[in-house]
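S.K.: First the structure, then my questions, so here it is.
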Amino acid sequence: MTTQALLQVLASGLLMGLIYALIAVGLSLIFGLMDVVNFAHGEFLMTAMYVVFGMFLFTAIDPVLLVPVAAAALFVVGAAAYLGVVRFAMRAKANQGMVQIFATFGLATLMQGAAQYFLTPDYRSIGNSWLGGKTLNLAGVFLPWPQIFGGLVSIAAFGGLYLLMSRTDFGKALEATREDQGAVALVGIDRNRVFALGWGLGAALVGLAGAVLAIFYYIHPQVGATFGLIAYVTVALGGFGSVFGALAAGVIVGLVEALTAALLPPAMKSIGIYTLYLGIVFIRPSGLFGKL
């Protein structure tokens with residue numbers, strides 16, 4: 001492999017890794033807040049992609065401008081999922097963990113089935129967008145503008161999340177609830193309200209990722225399963241509940257995937273990711289930055 005080819009692979013892997021990190025961070029945030037793994041996370045991403053696709057069809061507004069709209073829509077979806085499903089699953093008297101798993105898995109199945117029924121299983125894509133098909137040439141390294149945009153959105157989202165967590169009252173309440181759910185009630189923090197907003201925030205983050213992916217990736221009811229699996233691996237690799245771990249692990253997953261695709265047939269590109277993950281599980285089961 002030549003130096004230029006290696007730089008091309010690394011640059012492509014870095015950009016996709018930032019998008020993977022953005023997909024995974026909401027999942028990690030929710031787990032750190034409530035110790036609940038959201039098995040409908042991929043379907044949230046799928047919903048965001050359809051939101052962007054539908055609004056593009058009906059309004060002809062470019063997907064780039066629809067990114068914040070998708071995030072806002074998914075905030076509502078995430079909060080509704082907590083209030084309508086997860087809140088009741090958390091009240092289970094026995095086997096609460098299994099009840100939560102099956103509740104979110106059932107929600108995922110419902111969302112995917114509804115998408116197939118109402119939107120058909122057909123593959124769809126957005127054409128004629130501002131960034132579609134355009135690339136940036138940096139000394140012979142070609143970077144697609146949709147992935148560049150996705151990387152910038154991811155960096156901005158992580159920066160905004162850091163400021164939210166460290167500089168706002170809600171962020172401090174969120175962090176306090178992550179540390180001790182029981183103690184926060186003693187200081188007047190409504191735990192259920194924090195949980196609902198936390199689910200909304202986690203869904204909004206994956207909504208950003210879904211909106212970005214809609215610009216250059218096929219949209220179909222099963223698309224969430226593909227990226228959802230990568231998100232679970234990324235969160236487990238970085239450490240469940242670690243926001244910084246999701247960022248670092250996302251970049252690592254993107255780079256490993258790109259290098260594997262360059263060395264092996266593209267259909268086998270996931271081998272490198274899962275080999276790395278299994279290695280980390282054996283050496284450090286809590287993940288790179290986890291505390292479990």
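S.K.: So which residue, out of 76, 187, 243, gets the largest mean-square fluctuation from a GNM of the chain using Cα contacts under 10 Å as springs?
M.R.: Greatest mean-square fluctuation among the candidates belongs to 187.
S.K.: Taking Rh as the Kirkwood radius computed over C-alpha pairs, what is the Stokes-Einstein D of the range 24-111 at 10 °C in a medium of viscosity 1.306 mPa s, expressed in µm² per second? If you can, show how the numbers build up before the last one.
M.R.: Details: Rh = 14.0 Å.
Approximately 114 µm²/s, per Stokes-Einstein.
S.K.: While we're here: Please work out the average accessible area per residue across the range 18-117, using the 1.4 Å probe convention, and give it in Å².
M.R.: Working: 4050 Å² over 100 residues.
Spelled out: the 1.4 Å probe surface of the range 18-117, per residue, equals 40 Å².
S.K.: Could I get the Rg over Rh figure for the range 64-121? Both from C-alpha atoms, Rh via Kirkwood, rounded to two places. Working shown, then result.
M.R.: Values: Rg = 14.3 Å, Rh = 13.0 Å.
On the Cα set of the range 64-121, Rg over Rh gives 1.10.
S.K.: Using only DSSP helix segments of four residues or longer, with each worth -39500 (n - 2.57), what per-residue ellipticity at 222 nm results for the chain after dividing by its residue count and rounding to 500? Before the final figure, lay out each step's value.
M.R.: Details: 11 runs with 209 residues, N = 292.
Helix-only estimate at 222 nm: -24500 deg cm²/dmol.
S.K.: By how many degrees, 0 to 90 and rounded to 10, does the Cα axis of helix 3-34 deviate from the longest principal axis of the chain?
M.R.: So the helix axis and the longest Cα principal axis differ by about 10 degrees.
S.K.: In degrees, nearest 10, range 0 to 90: what is the angle between the Cα axis of helix 270-283 and the longest Cα principal axis of the chain?
M.R.: It works out to around 40 degrees.
S.K.: Can you give the relative contact order of the chain as a percent, counting alpha carbon pairs under 8 Å and 6+ residues apart?
M.R.: Numbers: 476 pairs, mean separation 111.0, N = 292.
This gives 38 percent for the chain.
S.K.: Count charges around residue 85 for me, please; just the other residues with Cβ under 15 Å from its Cβ, Lys/Arg as +1, Asp/Glu as -1. Display every interim value, and only then the final one.
M.R.: Values: positive: 87, 91; negative: 43.
Cβ neighbours under 15 Å give a net charge of +1.
S.K.: Taking the Kirkwood radius as the inverse of the mean 1/r across Cα pairs, report the Rg/Rh of the range 153-292. If you can, show how the numbers build up before the last one.
M.R.: On the way: Rg = 17.3 Å, Rh = 16.9 Å.
Ratio value, two decimals: 1.02.
S.K.: For the range 1-72, what's the radius of gyration and Dmax over Cα atoms, in angstrom?
M.R.: Expressed in Å, the Cα Rg and Dmax of the range 1-72 come to 16.5, 47.
S.K.: Rolling a 1.4 Å sphere over the protein heavy atoms, what is the accessible area per residue of the range 217-292, to the nearest Å²? Please report the intermediate quantities before stating the final value.
M.R.: Details: 3610 Å² over 76 residues.
Accessible area per residue: 48 Å².
S.K.: Viscosity 1.306 mPa s, temperature 10 °C: give me the Stokes-Einstein translational D for the range 1-149 in µm²/s, with Rh taken as the Kirkwood radius over C-alpha pairs. Let's see the in-between values first.
M.R.: On the way: Rh = 17.9 Å.
D = 89 µm²/s.
S.K.: Rounded to the nearest 10 degrees, what's the angle between the helix 63-81 long axis and the longest principal axis of the chain, both from Cα atoms, 0 to 90?
M.R.: For 63-81 against the chain, the angle is about 30 degrees.
S.K.: Cα-Cα pairs above 28 Å in the chain: how many percent? Spell out each step's value before the answer.
M.R.: Numbers: 15603 of 42486 pairs.
It works out to 37 percent of all Cα pairs.
S.K.: Let me ask something else about it. Carbon and sulfur: what percent of the range 3-283's accessible surface (1.4 Å probe)? Intermediate results must be reported in sequence, preceding the final value.
M.R.: Values: 8890 of 12760 Å².
That fraction is 70 percent.
S.K.: Got a sec? Charge dipole of the range 3-283, +1 on Cβ for Lys and Arg, -1 for Asp and Glu; which of 137, 50, 192 is way out at the positive end?
M.R.: 192
The values are calculated or read from the model by the stated rules, or taken from the named source; none is laboratory data. Keep in mind that this is a model prediction, so the values were computed, not measured. Here Cβ is always computed from backbone atoms with ideal geometry, including for glycine, and neighbour counts include all displayed protein chains. Each accessible area value is taken on the protein alone, full model and side chains, heavy atoms only, with ligands, DNA and RNA left out. Shrake-Rupley method; radii C 1.70, N 1.55, O 1.52, S 1.80 Å.
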